[in-house]
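**Q** Below: one structure in structure tokens.
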């Protein structure tokens with residue numbers, strides 16, 4: 001079974017008296033271990049797709065299978081459990097708590113882990129922060145870290161629950177070119193270690209860093225192809 005399978009997924013938002021079709025019958029299969037870039041112009045549906053994939057939003061119609069679980073149709077509590085146990089999120093704005101150390105920020109998702117899979121949160125937080133190159137920044141608060149270091153904390157936080165998928169929404173949007181490539185380098189290392197990465201970006205150079213690129217337009221997939229190694 002593929003890791004992710006979308007069949008005829010549609011998402012319609014009601015804006016006053018108008019229906020906005022954000023996704024229009026999307027079919028998509030993603031295998032375990034892929035590094036997929038989702039790109040497209042503003043309003044193409046890429047953020048909506050990421051929200052559906054991340055169980056932050058439910059499709060209006062169609063099926064979403066994640067690790068053989070029929071996600072479409074689940075209740076809020078079940079969706080929250082899937083988000084916590086199977087999905088790690090990295091956002092453009094880092095979303096770190098101020099006046100809270102890198103260690104405490106990385107541990108945060110474990111507060112909501114009803115399954116209790118991680119027995120020693122602090123040890124696990126140290127492990128994931130070390131994995132992203134922040135072993136010497138454990139007790140630094142966000143305002144003492146560079147933008148690139150803050151995004152590394154966010155990546156560590158996304159990894160702490162040992163997710164099946166890492167979803168990244170414009171992860172380099174607030175970073176300069178050099179720092180952006182450092183963050184992409186971390187994603188590539190994590191992908192080589194077996195983590196499936198799905199990244200939304202409007203930047204063509206960043207999109208080409210993935211192994212597969214999907215382009216959306218008006219809620220439909222118009223291109224879906226492998227990225228040649230020279231494209232990186």
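Where a number appears in this text, it was derived from the coordinates with a stated rule and is not lab data. Just so it is clear, the model here is predicted, and its values are computed rather than measured. Heads up, the Cβs are rebuilt from the backbone with ideal geometry, glycines too, and the neighbour counts pull from every protein chain shown.
**Q** Ranking 181, 15, 213 by Cβ neighbours within 10 Å, fewest first, what do you get? It would help to have the intermediate numbers written out before the result.
**A** Numbers: 181 16, 15 8, 213 22.
So the ranking, lowest neighbour count to highest, is 15, 181, 213.
**Q** A further question on this structure: Exposure proxy check: 172, 196 ranked by fewest other beta carbons within 10 Å? Don't skip to the end; give the middle numbers.
**A** Working: 172 25, 196 20.
Going from sparsest to densest Cβ surroundings: 196, 172.
**Q** A further question on this structure: Under the definition of Cα pairs under 8 Å and six or more residues apart, what whole-number percent is the relative contact order of the range 89-185? Intermediate values should be presented prior to the final figure.
**A** Working: 132 pairs, mean separation 41.8, N = 97.
Reported as a whole number, the value is 43 percent.
**Q** Continuing with the same structure: Tally the DSSP beta bridges in the chain and give the antiparallel ones as a percent, rounded to 5.
**A** Values: 22 of 40 bridges.
If I count the DSSP bridges inside the chain, around 55 percent turn out antiparallel.
**Q** What number does the range 30-82 give for Rg over Rh if you use C-alpha atoms and the Kirkwood radius?
**A** Looking at the range 30-82, the ratio lands at 0.98.
**Q** Okay, helix-only estimate at 222 nm for the chain: each DSSP H run of n ≥ 4 adds -39500 (n - 2.57), divide by all residues, round to 500 deg cm²/dmol; what do you get? Don't skip to the end; give the middle numbers.
**A** On the way: 7 runs with 69 residues, N = 232.
After summing the helix terms and dividing by the residues of the chain, the value is -8500 deg cm²/dmol.
**Q** Also, quick follow-up: Tell me, 13, 64 in order of fewest to most beta-carbon neighbours within 10 Å?
**A** Working: 13 12, 64 22.
Result, fewest neighbours first: 13, 64.
**Q** At a threshold of 8 angstrom on Cα-Cα distance, excluding pairs fewer than six apart, so keeping six or more, what relative contact order does the chain reach in percent?
**A** Answer for the chain is 28 percent.
**Q** In whole Å, how far is the Cα centre of the range 142-199 from that of the range 71-132?
**A** 14
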